[in-house]
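Written out below as structure tokens is the structure these notes cover.
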Amino acid sequence: GLVKDSDAVFFQYMGEEAQPVALTMPTSGKPLTRLSNVTLAGLDIAEDIGEFKSTKLNIYLNSNQGRTIMLTSGLTTIWSQCLLNCISGLLYSEGLQTPFNLDTWKGNSKMRPCFAGIRINGEKITDDVLYNKLADARADKDYKKTEELLRSVVTLVKAALSTEDVEVAVEEAPAVDPQAA
């Protein structure tokens, strides 16, 4: 949702000046709003980015064609809150290696915020507990609490991703004869 007067939600930075170019469907020219059949490859928080020293959420997704793409958004944006809520739900329900569809759309209010949702087999994945905590923090205008919640999700998911791919070899300990001691 980088360009507020555009219907597009995903943009690619192009050229030396890093100009945003809307990602559109090749046949219709309509904005791309769904990344289908992707898996979560990683999450990261980048600090002090750009002219405004922003804090960004970087999301790495693997496509079913074997490509890794990175999406970036302000850490505390509505889009990032929605996405991290869904990723938390994925962690607790289906597992982080489960392929999903990432849907993104623009709202109708004056600022036209972007929203995100993860669906698996048509079912939206969410973490109701986190959703309510974020809603309460927004209602209280507690920006620090919102950021703390989001950072904790990133930390938790990063830890889970780093352990999911590790194979653990378990060997049975030799039997100890209590009479021999």
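At most 15 other Cβ atoms within 10 Å and a DSSP loop assignment: could you name the trypsin sites (Lys or Arg not before Pro) in the stretch 3-92 that fit?
Here the trypsin sites (Lys or Arg not before Pro) that fit, given the DSSP loop and packing criteria, are Lys4, Lys53, Arg67.
What do you get for the angle between helix 143-164 and the principal long axis of the chain? Use alpha-carbon atoms, 0 to 90 degrees, nearest ten.
So the inclination is approximately 50 degrees.
For the stretch 75-150, what class follows from the C-alpha gyration tensor (a ≥ b ≥ c being the square roots of its eigenvalues): rounded when a/c is under 1.5, otherwise prolate if a/b is larger than b/c, else oblate? Mind dumping the intermediate values first?
On the way: a/c = 2.40, a/b = 1.34, b/c = 1.79.
Oblate, since a/c reaches 1.5 and b/c is not below a/b.
Using only alpha carbon pairs under 8 Å that are at least six residues apart, calculate the relative contact order of the chain and give it in whole percent.
Once divided by the residue count of the chain, the mean separation gives 17 percent.
Relative contact order, percent, of the stretch 93-159 when contacts are C-alpha pairs under 8 Å separated by at least 6 residues?
Working: 43 pairs, mean separation 12.1, N = 67.
RCO, the stretch 93-159: 18 percent.
Can you list the equivalent-ellipsoid semi-axes of the stretch 1-88, largest first and in whole Å, using the square root of 5 times each Cα gyration tensor eigenvalue? Before the final figure, lay out the partial values.
Working: eigenvalues 82, 69, 36 Å².
Three semi-axes, in Å: 20, 19, 13.
Report, in deg cm²/dmol and to the nearest 500, the calculated mean residue ellipticity at 222 nm for the chain, where each DSSP H run with n ≥ 4 adds -39500 (n - 2.57) and the sum is divided by the residue count.
Values: 3 runs with 49 residues, N = 181.
When only DSSP H runs of four or more count, the value is -9000 deg cm²/dmol.
Apply the a/c threshold of 1.5 to the C-alpha gyration tensor of the chain and tell me whether it is rounded, prolate or oblate. Each step should come with its number before you reach the end.
Values: a/c = 2.18, a/b = 1.76, b/c = 1.24.
It is prolate, given that a/c is not under 1.5 and a/b is the larger ratio.
Only residues of the stretch 72-96 count here: report those whose backbone N is under 15 Å from the spot 7 Å along Cα→Cβ of Asn121, or say none.
93-95
From the square roots a ≥ b ≥ c of the eigenvalues of the alpha-carbon gyration tensor of the stretch 42-85, which class results: rounded (a/c under 1.5), prolate (a/b over b/c), or oblate?
Oblate.
Report, to the nearest 10°, how far helix 128-139 tilts away from the longest principal axis of the Cα atoms in the chain, using its own Cα long axis and a range of 0 to 90°.
It is inclined by approximately 40 degrees.
Do any chymotrypsin sites (Phe, Trp or Tyr not before Pro) in the stretch 17-80 lie in a DSSP loop with no more than 10 other beta carbon atoms within 10 Å, and if so, which? Walk me through the numbers on the way to the answer.
Numbers: sites: Phe52, Tyr60, Trp79; in loops: Phe52.
Here the sparse-neighbourhood loop sites are Phe52.
How many lysine pairs are close in the chain, with Cα atoms under 13 Å apart and the two 8 or more places apart or on different chains?
Details: Lys4/Lys106; Lys4/Lys110; Lys133/Lys141; Lys133/Lys144; Lys133/Lys145.
Counting lysine pairs in the chain gives 5.
According to a simple spin-label model (label point 7 Å from Cα along Cα-to-Cβ), what is the distance in nm between Tyr143 and Tyr92?
In this crude label model, Tyr92 to Tyr143 measures out at 2.8 nm.
Every number in this text was worked out from the coordinates using simple rules, so none of it is lab data. The structure presented is a predicted model; accordingly, all values stated were derived computationally and were not measured. Note: ideal-geometry Cβ built from the backbone for every residue, glycine included; neighbour counts use all protein chains shown.
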